[in-house]
Amino acid sequence: MADRPTSKEYTPVDDEEATYLYEGDSSEGLLRDRRKSARSPPNWIPLVQCNTAGFLLIAALMVISVLVTIQGTIWYERRGSNAPRWRPAFSPLYDMIEIPLVTTYADHSPAPNASDPRHIYRLDPSPEVDAAWTRIATADGIYPMSASDVVRAGKDPEMAVDAPESWGFPPGKTKMMGIEGLHLLHCLNAVRKSLITTYDYYWGSEYGFAPPAVFVRHLNHCVDMLRQHLMCHADLEPFTFNWRVGQTKPYADFGIQKTCVDFDYLLNWAERHKNPRHEELVS
């Protein structure tokens with residue numbers, strides 16, 4: 001067995017080589033470069049540098065954000081304020097008042113019941129019936145609206161009329177606004193008073209059987225406004241069919257469950273904020 005060498009042998013360098021190796025910055029830099037290249041990995045940069053902890057944190061934040069958004073939407077839709085599932089158009093009223101929602105059933109009884117307060121609108125003409133209809137048909141007034149809200153409503157603010165300063169509208173909300181739902185109730189009342197069963201009571205002594213053209217135009221306008229509204233806001237609630245005693249065919253049950261604006265709340269608000277001179281101030 002050969003003996004293991006106990007020392008290393010080195011070859012000495014001459015003076016010229018030593019001078020080359022140790023003299024000057026350039027030679028030292030050369031040595032450093034050689035040592036660095038011997039230790040350094042290949043000179044390349046990965047296209048994507050993945051930080052696992054950071055990636056997991058971002059993913060968790062995204063999941064939390066989605067869950068909070070979903071939960072917030074569910075809460076907002078169910079909280080019982082002015083948050084119908086689908087808002088067909090912009091209205092400043094959503095920001096002005098909190099209108100509660102109510103769940104009710106449509107009354108489809110074929111014959112009116114004078115003892116039921118809900119049937120006051122179905123009874124034959126009388127001072128009490130007229131008072132009930134007049135209240136809901138004349139509740140619309142003039143309310144403040146900003147120019148930016150006019151734009152959001154799809155109208156030209158240059159064409160929208162400003163209320164006089166004496167009306168006391170808030171700064172920046174000087175445009176005059178009405179409420180479409182209340183206007184349509186005015187139209188419905190006009191149609192009601194012109195039915196063949198009620199025309200004589202309301203208009204017979206004034207117009208006979210030949211009402212003026214402006215009366216007919218207004219009535220046609222109201223009928224078509226109601227038509228447009230019903231077609232635009234066509235309710236999708238289902239109604240069912242029941243068997244009834246004496247009926248040989250299934251009978252439609254129009255007692256549909258509905259989620260509605262609390263109209264009494266809206267009516268009271270409109271009356272409190274209505275300009276008492278509304279009828280003489282606008283056409």
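Note on PHE263 and LEU219: their simple-model spin labels are 2.3 nm apart, each label 7 Å out from Cα toward Cβ. Counting beta carbons within 10 Å around each of MET176, MET145, MET225 and listing the fewest first gives the order MET225, MET176, MET145.
Can you tally the net charge around SER146? Count Lys and Arg as +1, Asp and Glu as -1, for every other residue whose Cβ sits under 13 Å from the Cβ of SER146. Intermediate values should be presented prior to the final figure.
Details: positive: ARG152, LYS155, LYS173, LYS175; negative: ASP95, ASP149, ASP162.
With Lys, Arg at +1 and Asp, Glu at -1, the net is +1.
Counting only pairs 8 or more residues apart or on different chains, how many lysine pairs in the stretch 156-282 have their Cα atoms under 30 Å apart? It would help to have the intermediate numbers written out before the result.
Working: LYS173/LYS274; LYS175/LYS274; LYS193/LYS258; LYS193/LYS274; LYS249/LYS258; LYS258/LYS274.
Count of close lysine pairs: 6.
Separation of the stretch 115-153 and the stretch 199-275, taken as the distance between their Cα centroids, equals 12 angstrom. Cβ crowding within 10 Å, taken as a proxy for footprinting-reagent exposure, orders SER146, SER205 from fewest neighbours to most as SER205, SER146. Ordering TYR265, TYR143, TYR207 by the number of other Cβ atoms within 10 Å of each residue's own Cβ, fewest first, gives TYR207, TYR265, TYR143.
Quick note: the coordinates plus some simple rules give every number you see, no bench work behind them. What you are looking at is a predicted structure, and each value in this text was computed from that prediction instead of being measured. In this analysis, Cβ positions are derived from the backbone assuming ideal geometry, glycine residues included, and neighbour counts consider all displayed protein chains.
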